[in-house]
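Asker: Provided herewith is a single structure, encoded as structure tokens, for subsequent inquiry.
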Amino acid sequence: MQWITPDDTLAFEGNQVFHLDCNRPRDLSPEERVLLSKYCGGHAVAVCRGCVQDFRQFELGSDSLGNRSHFCPRCRADLTAHLREHLYSCVIVPSQIRVRARAAREAAKRLVKKSSQLRDLADVLMREAEASVAALRETMRRTA
């Protein structure tokens, strides 16, 4: 199990939040994949900076054994972030969908950040409670 970071792709079930895929925590969500296929199938969606070449989504490599997808077929660089960048800026994707997709991703980032802050606060409070109990026990021992 891995810690969730703000840039990870999340899944929700009830009140549980988890990685969509722990082996690929920053992979595209199913919704992002559908939007890319529907609106961006006919044009380049990623540029490999190493090879200086544009790729359409279907041209990108996938490795089912290594749990990798969306990589450059020439140099094997991970292009997932480029795909996501393209999705949120592509003028072919209706603006309302881009706005909603970006809002959903930002809401998930805020959730992760807030849960991390709460986890840190709970840790501090636990230590304070442990110190208070230790002080109480010490006082009880001295006065007994």
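Nothing in this text is a laboratory measurement; each read-out follows from the coordinates by a stated rule. Because the structure is predicted, anything quoted here is derived from the model rather than measured. Cβ atoms come from the backbone with ideal geometry, glycine included; neighbour counts cover every protein chain shown.
Asker: Please work out whether segment 62-137 counts as rounded, prolate or oblate from its C-alpha gyration tensor, where a ≥ b ≥ c are the square roots of the eigenvalues and a/c under 1.5 means rounded, while otherwise a/b larger than b/c means prolate and anything else oblate? Before the final figure, lay out each step's value.
Answerer: On the way: a/c = 5.87, a/b = 2.06, b/c = 2.85.
It comes out oblate by the Cα gyration axes.
Asker: Continuing with the same structure: If amide H atoms are built 1.01 Å from N in the plane of the peptide, which residues on other chains or at least 5 residues away come under 5 Å of the amide H of S69?
Answerer: Correct list: D63.
Asker: Can you work out ³J(HN,Hα) from phi for every residue in segment 101-110, in order, using Karplus 6.51 cos²θ - 1.76 cosθ + 1.60 and θ = phi - 60°, giving whole Hz and x for Gly and Pro?
Answerer: 5, 5, 5, 5, 5, 5, 5, 5, 4, 4
Asker: Between V52 and S115, what is the FRET efficiency for a Förster distance of 35 Å, r being their Cβ-Cβ separation, to the nearest 0.05?
Answerer: On the way: r = 40 Å, r/R0 = 1.14.
E between V52 and S115, to the nearest 0.05, is 0.30.
Asker: By per-residue mean of other Cβ atoms within 10 Å, what is the highest-first order of 121-131, 71-81? Write out the running numbers ahead of the final one.
Answerer: Working: 121-131: 9.9, 71-81: 16.6.
Averaged packing, sorted descending, gives the order 71-81, 121-131.
Asker: Once both labels are modelled 7 Å past Cα along the beta-carbon direction, what's the V99-D123 spacing in nm?
Answerer: 3.9
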